[in-house]
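Have a look at the structure below, then the notes.
The values are calculated or read from the model by the stated rules, or taken from the named source; none is laboratory data. Computed from a predicted structure; not experimentally measured. Neighbour counts are summed over all protein chains in view; Cβ atoms, including those assigned to glycine, are modelled from backbone coordinates with ideal geometry.
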2 protein chains.
Amino acid sequence: MIDRLVEKIKKTQAPVVVGLDPTMKLVPGHIQQQAFAEYGETTKGAAEAIWQFNKAIVDAVYDLIPAVKPQIAMYEQFGVEGLIAFQKTVEYCKQKGLIVIGDVKRGDIGSTSEAYAVGHLGRVRVGNTMCGGFDEDFATVNPYLGSDGVKPFIKVCQEEKKGIFVLVKTSNPSSGELQDRLVKEEDGNGRERPLYELVGEQVAKWGSECMGDSYSYVGAVVGATYPEQGRILRDIMPKAYILVPGYGAQGGKGSDLVHFFNKDGLGAIVNSSRGIIAAYQQEQYAKYGAENFADASRAAVLAMKEDIGQALAARG
Amino acid sequence: MIDRLVEKIKKTQAPVVVGLDPTMKLVPGHIQQQAFAEYGETTKGAAEAIWQFNKAIVDAVYDLIPAVKPQIAMYEQFGVEGLIAFQKTVEYCKQKGLIVIGDVKRGDIGSTSEAYAVGHLGRVRVGNTMCGGFDEDFATVNPYLGSDGVKPFIKVCQEEKKGIFVLVKTSNPSSGELQDRLVKEEDGNGRERPLYELVGEQVAKWGSECMGDSYSYVGAVVGATYPEQGRILRDIMPKAYILVPGYGAQGGKGSDLVHFFNKDGLGAIVNSSRGIIAAYQQEQYAKYGAENFADASRAAVLAMKEDIGQALAARG
C-alpha cells in the first residue's frame, strides 16, 4: 500500500491528503436541513448530513489528490450512526480510487491492539469465515504503551500489505509536555534526547522489517507546526513516510514543510482538514457561497498544491 | 459519578470491575452456533454471540460488583455491528445498576478529543437537540498528546458528572519503553524521574480541579503487574482512583494489589477480564462446563473478591 501511495502522489503531483473531519459547524445549512427533514435532529440525521457533505467534497476533489484521512472521532461523537457514516465514507473513497488513512490513533496492550489492527486494517475470523471491519488502507497508531501495542498493527500490515503512521511529534500546542521531555539514553553514555527522537528511532527500526520499494509500511505523524523537529526526524527515519497534520487551520505554512520531505521530493504527505472541507467559510473562498461549498474545497486543494509545490521548488 | 462508584464499592464490598472483553475464542460454542444459525458467520453473527455472552455474564454477576469495563477494541474488531453490541452492552449494564467504564483509551489534539469526550461521556448538539452517543460513565484516556488532549474530557466530566482514568503506567510488558524513561525535571535542579511519575503528577493536578466528596473525577490506570510503581503513584496521586488492570490472566496477584489502595481501603478498583468471563475455560472452574459458563464467572468473581479482601485484611 505504501508503494501505491507513492505512485499516486507522483501521478497527482500532490503530496496532499484531505482530512474528512466533519463537524456540524462545518456542514452547510442546506445539507443539515435536508438531512433533518428526513431523519430529524437525531444522530442519524447528523450522520446523514456529514455523509452527504463528505460525498460532495470527495466528488469535487478526488481527481486531484492521492488520499483522504477521515478522523474517526468526528464520526464517533454521533455514536453508532456516526460510525456507519465513517464506514460509508471509507468505502466510497476507496471506490473513487483514493487511499484511505483512518485517523484512529489506537494503541493498547498487545491482545487489544491486535483487535484494533484487525478491525481497521485486517479481517476477523467468525467461525470459519474471515470478515472485514472498517478496512482502511492505513491507520494512525499511538505508541504510549510501547512496542507490544504497535507490533500487532505491523503484523497485520505485513499480512494485508497495508500501513500505519505512528504518532511521533503531534501538531498540538501541548504535544511537548511528554513528547519533548529530555530522556537519558540507555547505552550509559549519559546523552539526553527528546522522547520523540527515541520514538522516531523505533519507527525506523520497525519500518526496516517491512519495506516497500523505497519507503516503509511504518510511517510517522509529525506536526507541520514543528518544522525544526520535522528536519531532525526526517534524518532519523529516512525510509518512513511522514504524515504531516497542522497545515492551514492549525497554523502550518508551505515553507514550514520542506524539511519534512526527502531530496527526492517524496517522503511526506501533508494533511489539511478544515482548510479544505470548510473552505467556503473562509473570506478567500466566500464568493462560492455555502451552496457551492464543494467547488470552494476544490479551489482550496489547488491552492494548497501550488503552495507546497512552490515551497519545494524554492528549496531546489 | 466518582461518588457513586465509591458508594457502590462500599456497598458490594468489592473493589472489583469485570472486564467485558469478549473475543470469539472465549464465547462458548453453543452461543456461537445459535448466533450463526440466525445471522450466519458474519460480523452481525459475531456481534450477536458476544452480546448474548455478555448478557448472561452480567445477569450472573451484577449483584456482586460495582462496575464493568467493556474494552471497545473487542467490539470494534467487528466493525459497526460490533459497536452496536458495545452500545447494547453499555445500556444493559446501566439498566442493571452497574457503573460502566468504557475502556477506549482515546486521546487526540484538543478539538478531536472534544469529539471523543462528547461521543463517550457527553451529548452532542444536532440542530437544536442534544443527543447522546455511547454514554458510558467513565472512559480511559491516553495522555501522549499532553494536556490539550485530556482537558476536553475533564470539561465534559465536570458538565456531566462523569469521570476518566488516564493511562499512567500500563500493565503490558513493554509499557516501560516510554513510560519508565528517566526524564529531567524542568525546575533546573537536575533531578531525573520516570515519565509515569510526571504523568501521575499531572493526574493529581487535573484532579484537584474536579473533586467529588473524597476522590477526584480524574483517576489513573496503573497495571497490577507493576506493584512497586503502584505504591509510588499511590503517594503521588492520593485523591485519584486507580483502575488496576492486569490481575489474573496477565499475572497480577491479590498480594500485589495492596499498595494501590489507600489506608481507608478505598482508592483502587481492580479489573479482571478473561479470568472472569472465560473462567469456564480454566481447570479450576471446568466442572461448570461450557453450558454453565456464567455460573463459573460468578464463582470466579467470588474468589477474586476473597483474594483481594484477604490481601487487604492481611495488610491490616
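I'm checking my understanding of the structure. Among residues of the stretch B:177-205 that are more than 12 Å from chain A (Cβ to nearest Cβ) and assigned to a helix (DSSP H, G or I), which one is surrounded by the most Cβ atoms within 10 Å (Cβ to Cβ)? Within the stretch B:177-205, the match that is surrounded by the most Cβ atoms within 10 Å (Cβ to Cβ) is B:VAL203.
Count of the stretch A:262-282 residues, restricted to those that are buried (at least 22 other Cβ atoms within 10 Å of the Cβ), in a loop (DSSP other than H, G, I, E, B) and not aliphatic (A, V, I, L, M), is 2.
Among the residues of the stretch A:111-131, those identified as facing chain B (nearest Cβ under 7 Å) and surrounded by fewer than 19 Cβ atoms within 10 Å (Cβ to Cβ) are A:ARG125, A:GLY127, A:ASN128, A:THR129. One residue stands out in the stretch A:24-49 among those that are without any contact (Cβ under 8 Å) to a residue 40 or more places away in the chain and of a type in the set (Gly, Ala, Ser): the one that is nearest to A:ALA240 (Cα to Cα), namely A:ALA47. Here B:LYS169, B:LYS161 are screened, and the one residue that is under 19 Å from the mean Cα position of the chain (by Cα), on the phi > 0 side of the Ramachandran plot and not aliphatic (A, V, I, L, M) is B:LYS161. Report yes if B:GLU201 is under 18 Å from A:LEU195 (Cβ atoms) and in contact (Cβ under 8 Å) with a residue 24 or more places away in the chain, otherwise no. Yes, satisfied. Within the stretch A:137-147, take every residue that is of a type outside the set (A, V, I, L, M) and either facing chain B (nearest Cβ under 7 Å) or part of a loop (DSSP other than H, G, I, E, B) (or both) and give me the one that is farthest from A:LYS169 (Cα to Cα). Filtering the stretch A:137-147 for residues that are of a type outside the set (A, V, I, L, M) and either facing chain B (nearest Cβ under 7 Å) or part of a loop (DSSP other than H, G, I, E, B) (or both), the one farthest from A:LYS169 (Cα to Cα) comes out as A:ASP137.
Pairs meeting the criteria (first residue in the stretch A:221-235 and at pLDDT below 95 and hydrophobic (A, V, I, L, M, F, W, C), second residue crowded, with 24+ Cβ neighbours inside 10 Å and in a loop (DSSP other than H, G, I, E, B), beta carbons under 9 Å, at least 6 apart or on different chains) are A:ALA224/A:PRO245; A:ALA224/A:GLY246. Within the stretch A:24-50, restricting attention to residues that are outside any loop (DSSP other than H, G, I, E, B) and among the acidic types (Asp, Glu), the residue that is nearest to the other protein chains (Cβ to nearest Cβ) is A:GLU48. Residues in the stretch B:111-136 that are part of a loop (DSSP other than H, G, I, E, B) and over 19 Å from the mean Cα position of the chain (by Cα): B:GLY127, B:ASN128. Restricting to the stretch B:23-44, name every residue that is within 21 Å of A:TYR116 (Cβ to Cβ) and either among the basic types (Lys, Arg) or touching a strand residue (DSSP E or B) at 6+ places or on another chain (Cβ under 8 Å) (or both). Across the stretch B:23-44, the qualifying residues are B:MET24, B:LYS25, B:THR42, B:THR43, B:LYS44.
The number of residues in the stretch A:74-88 being in a loop (DSSP other than H, G, I, E, B) and among the hydroxyl-bearing types (Ser, Thr, Tyr) comes to 0. Checking each residue in the stretch B:236-255 for being in a helix (DSSP H, G or I) and either on the phi > 0 side of the Ramachandran plot or within 18 Å of the chain's Cα centre (by Cα) (or both) picks out B:GLY248, B:ALA249, B:GLN250, B:GLY254. Within the set B:ASP108, B:ASP103, B:ASP21, B:ASP3, the sole residue that is under 30 Å from B:SER216 (Cβ atoms), touching a residue at least 24 places away in the same chain (Cβ under 8 Å), within 14 Å of chain A (Cβ to nearest Cβ) and not in a loop (DSSP other than H, G, I, E, B) turns out to be B:ASP103. Scan the stretch B:156-176 and tell me whether some residue there is surrounded by 21 or more Cβ atoms within 10 Å (Cβ to Cβ), in a helix (DSSP H, G or I) and within 7 Å of chain A (Cβ to nearest Cβ). For the stretch B:156-176, residues surrounded by 21 or more Cβ atoms within 10 Å (Cβ to Cβ), in a helix (DSSP H, G or I) and within 7 Å of chain A (Cβ to nearest Cβ): present. When B:PRO173 is tested against (1) in contact with a Leu (Cβ under 9 Å, 6 or more places away or on another chain); (2) farther than 12 Å from B:ALA240 by Cα, exactly one condition is not met: (1). All told, A:PHE53 falls short of being surrounded by fewer than 21 Cβ atoms within 10 Å (Cβ to Cβ) and either out of contact with any strand residue (DSSP E or B) (no Cβ under 9 Å at 6 or more places or on another chain) or part of a helix (DSSP H, G or I) (or both). Among the criteria (1) touching a Phe, Trp or Tyr at 6+ places or on another chain (Cβ under 7 Å); (2) within 22 Å of B:THR12 (Cβ to Cβ); (3) surrounded by fewer than 22 Cβ atoms within 10 Å (Cβ to Cβ); (4) not small (Gly, Ala, Ser), the one B:VAL221 does not fulfil is (3). Among the conditions (1) at the interface with chain A (Cβ under 7 Å from one of its Cβ atoms); (2) under 30 Å from B:PRO227 (Cβ atoms), B:PHE134 misses just one, which is (2).
For B:ILE101, the conditions (1) more than 16 Å from B:GLY163 (Cβ to Cβ); (2) out of contact with any helix residue (DSSP H, G or I) (no Cβ under 8 Å at 6 or more places or on another chain); (3) not polar (S, T, N, Q) all hold with the exception of (1). Only one entry of A:GLU76, A:GLU91, A:GLU81 meets the criterion of being in contact with a Lys or Arg (Cβ under 6 Å, 6 or more places away or on another chain) and within 14 Å of another protein chain (Cβ to nearest Cβ), and that entry is A:GLU81. Taking the criterion of being more than 14 Å from chain A (Cβ to nearest Cβ), outside any loop (DSSP other than H, G, I, E, B) and among the hydrophobic types (A, V, I, L, M, F, W, C), the only residue of the stretch B:206-215 that qualifies is B:MET211.
Against the test of being within 25 Å of B:ALA313 (Cβ to Cβ), touching a residue at least 60 places away in the same chain (Cβ under 8 Å), small (Gly, Ala, Ser) and in contact with a helix residue (DSSP H, G or I) (Cβ under 8 Å, 6 or more places away or on another chain), the options B:ALA268, B:ALA279, B:ALA290, B:ALA299 yield a single qualifying residue, B:ALA268.
For the stretch A:216-235, residues that are assigned to a loop (DSSP other than H, G, I, E, B) and either of a type outside the set (Ser, Thr, Tyr) or more than 22 Å from A:MET304 (Cα to Cα) (or both) total 3. Would you check which residues across the stretch A:144-153 are surrounded by fewer than 22 Cβ atoms within 10 Å (Cβ to Cβ) and of a type outside the set (S, T, N, Q) and list them? Listed by number, the residues that qualify are A:ASP148, A:LYS151. Reported count of residues in the stretch A:56-73, each being part of a helix (DSSP H, G or I) and either more than 13 Å from chain B (Cβ to nearest Cβ) or out of contact with any helix residue (DSSP H, G or I) (no Cβ under 9 Å at 6 or more places or on another chain) (or both), is 6.
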